1. Before we move on, is residue 94 on the phi < 0 side of the Ramachandran plot, out of contact with any strand residue (DSSP E or B) (no Cβ under 8 Å at 6 or more places or on another chain) and modelled with pLDDT of 85 or more?
2. Here is a list of conditions, (1) out of contact with any helix residue (DSSP H, G or I) (no Cβ under 8 Å at 6 or more places or on another chain); (2) modelled with pLDDT of 85 or more; (3) surrounded by 13 or more Cβ atoms within 10 Å (Cβ to Cβ), and residue 135 meets all of them except one; can you say which number that is?
3. In region 52-78, what residues are in a strand (DSSP E or B), surrounded by fewer than 19 Cβ atoms within 10 Å (Cβ to Cβ) and at pLDDT 85 or above?
4. Collect the residues in region 127-154 that are under 18 Å from residue 103 (Cα atoms) and part of a loop (DSSP other than H, G, I, E, B), keeping them in residue-number order.
5. In this structure, is residue 36 buried (at least 20 other Cβ atoms within 10 Å of the Cβ), touching a strand residue (DSSP E or B) at 6+ places or on another chain (Cβ under 6 Å), modelled with pLDDT under 90 and part of a strand (DSSP E or B)?
6. Take residue 119 and tell me if it is surrounded by fewer than 15 Cβ atoms within 10 Å (Cβ to Cβ) and either over 16 Å from residue 25 (Cα atoms) or modelled with pLDDT of 90 or more (or both).
7. Within region 138-157, take every residue that is touching a strand residue (DSSP E or B) at 6+ places or on another chain (Cβ under 7 Å) and loosely packed, with under 12 Cβ neighbours inside 10 Å and give me the one that is modelled with the highest pLDDT.
């Protein structure tokens, strides 16, 4: 099932790249550092990245990957790969507000406890948004917050994920 979800995400991303027109806004690459917060959980380090392909000036398709290292779930690292729509609003200045709804998979080294601690891949989702600050034409900064939800060992895990980093515009 995890392979089907990954293939669906790749298909969505490839269709959005092929369907790009000449007068669309540039694509964006984001690289940042996430922090996860949950009861009895602490994250030591993380890296978070996404690529957004615009469909219209106010909507795009994003694909993201994140690695959270530390005591995230059952004292193991957590990897997520998700994709979905991103809506954004220009404020008329160098700031832009955005919201996203991402669906995909999460993998943890200790996600299945039936025969001891085994790796498991489960459905994940992230709903949230943030703020871009674009002082230049090609490079900007982003802060975001969302709720990351997973379902390991038939239990729901809900995390508050805060992320900050740099945005790079690519294309015309």
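1. no
2. In the conditions (1) out of contact with any helix residue (DSSP H, G or I) (no Cβ under 8 Å at 6 or more places or on another chain); (2) modelled with pLDDT of 85 or more; (3) surrounded by 13 or more Cβ atoms within 10 Å (Cβ to Cβ), residue 135 misses (3) alone.
3. Selection gives 55, 56, 59, 65, 67.
4. Once the filter is applied, which keeps residues that are under 18 Å from residue 103 (Cα atoms) and part of a loop (DSSP other than H, G, I, E, B), region 127-154 yields only 151.
5. On the way: buried (at least 20 other Cβ atoms within 10 Å of the Cβ): yes; touching a strand residue (DSSP E or B) at 6+ places or on another chain (Cβ under 6 Å): yes; modelled with pLDDT under 90: yes; part of a strand (DSSP E or B): yes.
Considered against the rule, which asks whether it is buried (at least 20 other Cβ atoms within 10 Å of the Cβ), touching a strand residue (DSSP E or B) at 6+ places or on another chain (Cβ under 6 Å), modelled with pLDDT under 90 and part of a strand (DSSP E or B), residue 36 comes out as yes.
6. Values: surrounded by fewer than 15 Cβ atoms within 10 Å (Cβ to Cβ): yes; either over 16 Å from residue 25 (Cα atoms) or modelled with pLDDT of 90 or more (or both): yes.
Considered against the rule, which asks whether it is surrounded by fewer than 15 Cβ atoms within 10 Å (Cβ to Cβ) and either over 16 Å from residue 25 (Cα atoms) or modelled with pLDDT of 90 or more (or both), residue 119 comes out as yes.
7. Taking region 138-157 first, the residues touching a strand residue (DSSP E or B) at 6+ places or on another chain (Cβ under 7 Å) are 138-153, 156-157.
From the residues that got through so far, the ones that are loosely packed, with under 12 Cβ neighbours inside 10 Å too are 138-139, 156.
Values: 138: 88, 139: 93, 156: 85.
The qualifying residue modelled with the highest pLDDT is 139.
The values are calculated or read from the model by the stated rules, or taken from the named source; none is laboratory data. Note that the structure is predicted; figures quoted are calculated from it, not measured. Cβ atoms come from the backbone with ideal geometry, glycine included; neighbour counts cover every protein chain shown.
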